[in-house]
Amino acid sequence: MRIELLNDLNSAQREAVTHIDGPLLILAGAGSGKTKTITTRLAYLISEVGIDPQNTLTLTFTNKASKEMRSRAIALINNNQTTIPLLCTFHKFGLIFLKFHIDKIGRANSFVIIDNEDKKKLLKRIAKEHDIDLSIPLIASEISKYKNTLLTPNEVISKTDLHDYLKIAEIYKYYQQEIELNNLVDFDDLLMLPYKILKNNDTLRKSISDRYRYIMVDEYQDTNELQFKLLKLLTSEHNNICVVGDDDQSIYGWRGANVRNILDFPKKFKNTKIIKLEINYRSTQPILKAANELIEYNRQRVGKKLISHRGDGKRIRVFHSLNEKLEARAIAKEIKELLSKKVPSSEIAVLYRINALSRSIEEGFIKEGLGFKLLGGVPFYDRAEIKDIISYFRVIANQHDDFSLERVINRPRRGVGKVSVDRLKKLAFEEHLSLFQILDMKSRKELSKIVSKKGFINLKRLILDIKKLIELSKESLVDFIDEFDRTIGIKAHYGVLVDGDDRLKNIDEFYGYFREFADSSPDKSLDEFLNEVSLQSEQDQVDENSVTIMSVHASKGLEFEYLYVIGLEEEFFPIIGDGYNMEEERRLAYVAITRAKTDLTLCYVDSRFYKGQRRKMKKSRFLGEAGLIKGEKLKITKQSKFIKGDLVKHKIFGIGRVKSATKSGRQYKLNINFGGKERAILSSFVESI
């Protein structure tokens, strides 16, 4: 055995690497060396055990991860190996599989893969042909969900009675017919079709499972239902599957990831060995202590505690500001000071939960002359919904601004296509008029060959609305923004999109910024506001000393010496409401905290613009749950076998509902309401229902 292969591993990592047969669940905490463990295990199987590389399959979620893991694994494998093990993304594996086996469903292997943009163009054409007026991103997202839950168009049609979703199912049917007729494959097909082929061909299933006798999966907590089912088929002949993941970092439920896949792994794969990687090589102990305390409030977890290899360090700072402007200014000044002390900009980052919060930080950085890069996102003023509003404002300030009017002439939709717009521009050029003047002055008869009757009526209404808003903008900017919102309907346009909730938050953030400008400068004009926005959106120093600003989602897998997390307020972090899961919100906070290596600052403010107006904010419950503030009446429900709201049964008192649970020695004292009478009972005397 090449002892050096195992030299740099701790005992848990070594145990995981040297486990050979049977299902293995490696619960790898943040910063615990999961990539090192999985690549060393692959090298160990090939170089020391003697497994043929062709009998291994390692699956990842991103090309970047697969590339890094492949290079690290190959560096560890004995040089006399000439065969490279298959290490790729789920979708790349699906592509390879289909090239060999798509003929099993009567299709040629000369298929063409269409990307998401191609898919949307095809859906747009189909929707237009069948006169269905729904958001194309919404249709694309729903069809993706259907495919990942293995639903055919007819099954969707039979299961829904909602009008819009019946229309989507109808488009799904035509879309499937189109891609099959033209031998096209979309990204979802790269998983769905291999599953269906294997499911319906027992001989092939056995053959493929026998070939890939040792399967490893990275980031297993991010798998969806279809990926789990595909893995069950691939391991059906041997059960030699090793998955690496962290249930506490499952943060993609909104895009289909199912945390139950990792939580229920031992139930789905019998005789599973579980190994926990709990030594963290990234962060100091105070940071990990807060992360551990916070995540214990989640009930849906296997359970582990991170231990710092680095030892003690600075306390986490909880930074309080009156509002987001003061918060941004203080953070920018601190970072400027760090940079002056030669701290590398790559070691500094600011995280936020929702994209709308980036505006104040971007502006704070610009005012301090700090360069920044927005990772995994678009700068606030470059977002489509914000650019649309600004374009409307520019037309209202100057109705002869053809460039801005062209951008928004069909947002929201007014039945005016690109061809019609080009013809209108040509007419305006020929008559030496602006686009606005052409629409204002020309009659239905004069434009009959350019736009439809519906388009003409809508454009005339737009011109009247703009004229009304021009007058109002001169009278009162305070009243102007509310009337603009009611008249134009930008929120309705963006609210129906897949990411509509996030876009509406951005719009409300912008409206709030405008209201603040109007309230503080009642004598200023719309032109002056637009000039201020133009200055805010300029960023000339992005390449020099650029500090990273990003969402918590985008930060996963990264680490920083100096980390600021803003927006630790109820309704911002965590987000509360329909469609949001508190345990996933808590996992997001856990991910945010564990990005920090040495210096972590968690920020909250007393007031912030929210839904278009300034509101008083409450501190996030996560600050209390992480043990960072005391004496606050936060909504804390410590993880236990029982929590508030649970139904329980007592052998004498019958069925009751838990009102509260507090620690009492090795068990919990429960206050339980039994039919109107409350009793204090130890948890060992009741059972869950």
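The values are calculated or read from the model by the stated rules, or taken from the named source; none is laboratory data. Nothing here was measured: the structure is a model prediction, and the numbers come from that model. Cβ atoms come from the backbone with ideal geometry, glycine included; neighbour counts cover every protein chain shown. Ligands, DNA and RNA are stripped out before the accessible areas are found, and what is left, the full protein with its side chains, is counted by its heavy atoms. Shrake-Rupley method; radii C 1.70, N 1.55, O 1.52, S 1.80 Å.
Any chance you could list P(r) for the stretch 187-226, counting all Cα-Cα pairs in 10 angstrom bins from zero, rounded to whole %?
Result, from short to long distances: 23, 48, 28, 0 percent.
So how far apart, in nm, are the two label points at Ala330 and Lys445 if each is 7 Å from Cα heading toward Cβ?
Result: 6.9 nm between the two label points.
Among Leu670, Val343, Gly106, whose Cα lies farthest out toward the positive end of the dipole of the chain, if unit charges sit on the beta carbon of Lys, Arg (+1) and Asp, Glu (-1)?
Going by the Cα projections, it comes out as Leu670.
Expected output is a single nm value to one decimal: the length gained when fully extending between Asn200 and Leu263, i.e. 0.36 nm times separation in residues minus the C-alpha distance. What is it?
Full extension of this stretch gives 19.8 nm more.
Compute and list, largest first, the equivalent-ellipsoid semi-axes of the stretch 447-589 from the alpha carbon gyration tensor, each √(5λ) rounded to a whole angstrom.
Values: eigenvalues 262, 100, 60 Å².
Over the Cα atoms of the stretch 447-589, the ellipsoid semi-axes are 36, 22, 17 Å.
Need one number: the % of Cα-Cα pairs in the stretch 23-100 sitting beyond the 19 Å mark.
Tail fraction, whole percent: 38.
Taking a threshold of 26 Å on the Cα-Cα distance, which of the pairs Lys167/Lys442; Lys104/Lys145; Lys425/Lys453; Lys425/Lys467; Lys145/Lys644; Lys597/Lys619 fall above it?
With Cα atoms farther than 26 Å apart: Lys167/Lys442; Lys145/Lys644.
At a temperature of 25 °C and a viscosity of 0.890 mPa s, determine how fast the stretch 115-207 diffuses translationally according to Stokes-Einstein, using the Kirkwood radius over alpha-carbon pairs as Rh; express D in µm²/s, rounded to the nearest whole number.
It comes out at roughly 176 µm²/s.
Would you mind working out the accessible area per residue for the chain, using a 1.4 Å probe, and quoting it in Å²? If you can, show how the numbers build up before the last one.
Numbers: 32270 Å² over 689 residues.
Value returned for the chain: 47 Å² of accessible area per residue.
Return, for the Cα atoms of the stretch 146-273, the radius of gyration and Dmax in Å, separated by a comma.
Computed over the Cα atoms of the stretch 146-273, radius of gyration and Dmax are 16.8, 48 Å.
If you line up the Cα atoms of the chain on their principal axes, what length do they span on each, largest first, in Å?
84, 68, 65
Can you pull the percent of the chain's accessible area that's carbon plus sulfur, 1.4 Å probe, other chains left in place?
49 percent
Give the peptides 613-626, 589-602 in descending order of average Cβ contacts within 10 Å, highest first. The partial results should precede the final answer.
Numbers: 613-626: 19.7, 589-602: 24.6.
Ranked by mean Cβ neighbours within 10 Å, highest first: 589-602, 613-626.
Explain nothing, just the number: relative contact order of the chain, from Cα pairs under 8 Å at least 6 residues apart, as a whole percent.
Dividing the mean separation by the residue count of the chain yields 15 percent.
Mind computing the radius of gyration and Dmax over the alpha-carbon atoms of the stretch 71-166? Å is fine for both.
19.7, 63
Seen from all sides and averaged, what is the projected area of the convex hull of the Cα atoms in the stretch 215-368, in nm²?
Computed as one quarter of the Cα hull surface, the answer is 12.2 nm².
Quick one: which of 240-252, 565-577 comes out on top by average Cβ neighbours within 10 Å, and what's the full order, highest first?
Taking the mean over residues of other Cβ atoms within 10 Å, the ranking is 240-252, 565-577.
Let me check I have the definition right: for the stretch 339-468, take the eigenvalues of the Cα gyration tensor, multiply each by 5, take square roots. What are those semi-axes in whole Å, largest first?
Numbers: eigenvalues 361, 40, 30 Å².
That gives 42, 14, 12 Å for the three semi-axes.
Taking the stretch 222-298 on its own, what percent of its Cα-Cα pair distances exceed 22 Å?
I get 36 percent for the Cα pairs in the stretch 222-298 exceeding 22 Å.
With the crude spin-label approximation of a point 7 Å out along Cα→Cβ, what separation in nm comes out for Ala108 versus Glu225?
Each label point lies 7 Å from its Cα, and together they span 3.5 nm.
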